[in-house]
Amino acid sequence: MRASQTLFLLLWFFCIYASTSFSANVTYDHRALVIDGKRQVLVSGSIHYPRSTPEMWPDLIQKSKDGGLDVIETYVFWNLHEPVQGQYNFEGRADLVKFVKTVAAAGLYVHLRIGPYACAEWNYGGFPLWLHFIPGIHFRTDNKPFEEEMKRFTAKIVDMMKQENLYMSQGGPIILSQIENEYGNIDADYGPAAKSYIKWAASMATSLDTGVPWVMCQQLDAPDPIINTCNAFYCDQFQPNSKAKPKIWTEGYTGWFLAFGDALPHRPVEDLAFAVARFFQRGGTFNNYYMYHGGTNFGRASGGPFVASSYDYDAPIDEYGIIRQPKWGHLKDLHKAIKLCEEALIATDPTITSLGPNIEVAVYKTGAVCSAFLANIATSDAKVTFNGNSYHLPAWSVSILPDCKNVVLNTAKINSASVISSFTTESLKEDVGSLDDSYSGWSWISEPIGISKADSFSKFGLLEQINTTGDRSDYLWYSLSIDLDTSTQAVLHIESLGHALRAFINGKLAGSGMGNHEKANVKVDIPITLVAGKNTIDLLSLTVGLQNYGAFFDTWGAGITGPVILKGLKNGSSLDLSSHMWTYQIGIKGEDLGPSGGSSGQWNSQSTLPVHQPFIWYKTNFVAPSGSNPVAIDFTGMGKGEAWVNGQSIGRYWPTYASPSGGCTDSCNYRGSYQASKCLQNCGKPSQTLYHVPRSWLRPQGNTLVLFEESGGNPKQISFATKQMGSVCSHVSESHPPPVDLWNSDAESGRKVGPVLLLECPYPNQVISSIKFASFGTPQGNCGNFKHGRCSSNKALSIVQKDCIGSSSCRIELSINTFGDPCKGVAKSLAVEASCA
């Protein structure tokens, strides 16, 4: 190797590992984690490596760092890494070591939540299905077969990390590990064995000698030295089970997950910032956002059941890897404000007092260092006096005073700009020059109804689905034949543990039923016509992600367990078919023939394309949308199924499953406690129509899209959608604190800096090209629909145009010296909407 090459490799290694390559002890005391002998205030965010692609990881992690994060937190997914007992997968999206090293390269820490139970709305909670079939096993209790497997996998992950020197004690980025997960929520159901299991898990984990602390979340009786931590929308009232342990928040929910059939969850950033500020106000020093980037449930990874393919979570970085504003920006400002208080936060415990009903102040003071948090926990504004100064506290907000005097940030006052994003649709462009097909357009294969595979089998009675399929497929066929003397009208009564079913009589679809995320069970009564002679009843049971949470969730089951009854036969009689001889088929024929990769030789392109028919495989070749913007497929016009792009599954699609029409509001009031059913959006509409296709899975041309359509649709209606960033907006009032970035310049210059409106284009190569709206006075509305209020300065538009057009960003001070005073004695604000190009 030439000397220049050697030098290059040395420099590369230094750049990648310089920030985390020093070996350091990680311990803790009652205030914080202690890294290399120093307490640290840490802000963390969850990014699950298999819910994005390795090509996305560096950008996601850098955006997290830019947003003020110190730590990236991730689960480890056992069923991803060991889908077959003893056979491991650590490639591609499953490359855990690469992900951890990518975090290290950005100079951030890692919290590795090994579990190995994950929950996470992940299929079967992250457990591999083969675990269920080990003789004598009982999950998550003092059971030797389970504990042996749990220890083996946990030790394997720890050993992998050690071999790559990834623990902080070895010079790596991992500062925390987690064993078990939220067991305390359900441990009472497991009786006395739960306590011995938790003691065993703690002892097993610490025996692996990682050199960093272990945590258990939601585990009040976590044995020493394990740190018990909090998962909730709010964790300010949480206290660890020992005065020697720090207050850690492992899951602060940035939103909530989406399920098929549900409305879209949304959590206002004002409330999220309030929750985080309250946590630090009351002694917390480590908080983690669940999720900071949610990502996508590719393939059959989603759990639930009924969890959607999108795992966006209303996170600061959206499913496609785009910063969500103003959530990302406001939280970034919050993190800066909290870090301005770090010296005081790590030095002492807070002194908490009341300044009136629902008004709470926490002071961290040691020597000359003093920081304070003023909280208004009520849903109406308040004025308070603190240290001789008067402060206006908006409802449901926290003001942060790094010097116990000046407000650097109020959680209800957003300085960060908003960005309107939208999807631009374009028709699917067929790739007529594809090498492997001489035709253009769609081709198709009909999936047989009922039993069609040689490995079918027959048994008396109705079988539970998961024990039968081992989750090798979403599908299980139940089939039988009956003979009748005469034709008749009847009702087919079917009861199923879930999650959905389709009933065929003599090869024709007669009816279907489905559960939902809250209740997976299905009970249907389907009117049918039976003919004289032989009648075939084919029932298809479908799972939509396996249960991932709850006591004994691994035993809950799925499938048509009965009864199955023919009602309304001759003379009103009924026939219970439940104990009859049924023929079973695991999966569908197409899954074995490989059409998902487009390679099957059975594609039909010569006859008329069947549309709006169940059980059709479709394939087309297409040209990828141009540019670099994120890509989705709009499945409007299709029913339910799964889709593959160039052999990679982008997940289950179900654009026909709409949310209930009620429960949403046009505007969301952030004041007051948040729960997942608050601030819902998209009521009465399909839960998900757009499905993410990572750019790295696409080629400029020669791409193949394969669909399996269960219920019937028209693939010619499918379109591509690219995500576009539209208007940039900001709305700042005279009562807003100055931007956090100006805190030091204010102190150094001695000049009192007032509120400042900030605008910044979302992409680095853009400049502000036009000002769509500008008003100083009493503007109303939100980004995209601002309007002038009762008073407005006639100078506002020209001033903003002069200061902003042609620049990638601009700052405008709110001052009547600049804009004039259009309405004396009235509180004023400045609202601006701009376009970038």
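Assorted remarks:
- In the stretch 453-513 the Cα-Cα distances spread across 5 Å bins starting at 0 as 3, 11, 24, 25, 20, 10, 4, 2, 0 percent of all pairs.
- Fully extending the segment from LYS802 to GLN87 would add 251.0 nm, taking 0.36 nm per residue of separation and subtracting the current Cα-Cα distance.
- Cβ crowding within 10 Å averaged over residues, with 226-238, 338-350 ranked highest first: 226-238, 338-350
- Over 27 Å apart at the Cα level, from the set LYS63/LYS519; LYS523/LYS678; LYS519/LYS567; LYS156/LYS519, are LYS63/LYS519; LYS523/LYS678; LYS156/LYS519.
- Computed magnitude of the charge dipole of the stretch 689-792 (debye, nearest 20; Cβ of K, R +1, Cβ of D, E -1): 340 debye
- Per DSSP, loop trypsin sites (Lys or Arg not before Pro) in the stretch 735-837 with at most 12 further Cβ within 10 Å: ARG751, LYS752, ARG790, LYS824
- DSSP bridge analysis restricted to the chain gives an antiparallel fraction near 80%, rounded to the nearest 5.
- Lys, Arg +1 and Asp, Glu -1 on Cβ, resulting dipole of the chain about Cα centre, debye, nearest 20: 1540 debye
- Whole-angstrom gap from the stretch 678-692 to the stretch 368-428, using each part's C-alpha centre: 29 Å
- Accessible surface of the stretch 218-284 [probe 1.4 Å, protein heavy atoms]: carbon and sulfur percent: 57 percent
- Probe 1.4 Å, accessible area per residue of the chain, Å²: 39 Å²
- Mean Kyte hydropathy of 1.6 or more with a Cα span along the axis of at least 15 Å, helices from DSSP in the chain: 3-17
- Only one residue of VAL740, MET291, THR468 has its Cα farthest out toward the positive end of the dipole of the chain, where Lys and Arg carry +1 and Asp and Glu -1 on Cβ, and that residue is VAL740.
- Convex hull volume per residue, computed on the Cα atoms of the chain, equals 209 Å³.
- Packing rank of 117-125, 494-502, 56-64, 734-742, where each peptide gets the mean count of other beta carbons within 10 Å, highest leading: 117-125, 494-502, 56-64, 734-742
- The packing ranking, built from the mean of other Cβ atoms within 10 Å per residue, places the peptides 139-150, 100-111, 380-391 in the order 100-111, 139-150, 380-391, highest first.
- Among GLY781, VAL826, PHE153 the positive-end extreme of the charge dipole of the chain (Cβ point charges): VAL826
- Assuming charge only on the beta carbon of Lys and Arg (+1) and of Asp and Glu (-1), the dipole of the stretch 261-411 about its Cα centre is about 200 debye to the nearest 20.
- For the stretch 62-120, the normalised intensity computed at q = 0.25 Å⁻¹ comes to -1.06 (log10 of I(q)/I(0), Debye sum over alpha carbons, equal scatterers, no solvent).
- Net charge over other residues, Cβ less than 12 angstrom from the Cβ of GLU164 (K, R count +1; D, E count -1): +1
- Separation between Cα centres of the stretch 466-481 and the stretch 747-808, rounded to whole Å: 60 Å
- Residue separation of HIS580 and ALA454 scaled by 0.36 nm, minus their Cα-Cα distance, works out to 43.2 nm of gained length.
- Ranking ILE61, TRP328, PRO448 by how far each Cα lies toward the positive end of the dipole of the chain (charges on Cβ) leaves TRP328 at the top.
The values are calculated or read from the model by the stated rules, or taken from the named source; none is laboratory data. None of the values given here were measured: they were computed from a predicted structure. Backbone-built Cβ (ideal geometry, glycine too); neighbour counts: all protein chains shown. Each accessible area value is taken on the protein alone, full model and side chains, heavy atoms only, with ligands, DNA and RNA left out. Shrake-Rupley method; radii C 1.70, N 1.55, O 1.52, S 1.80 Å.
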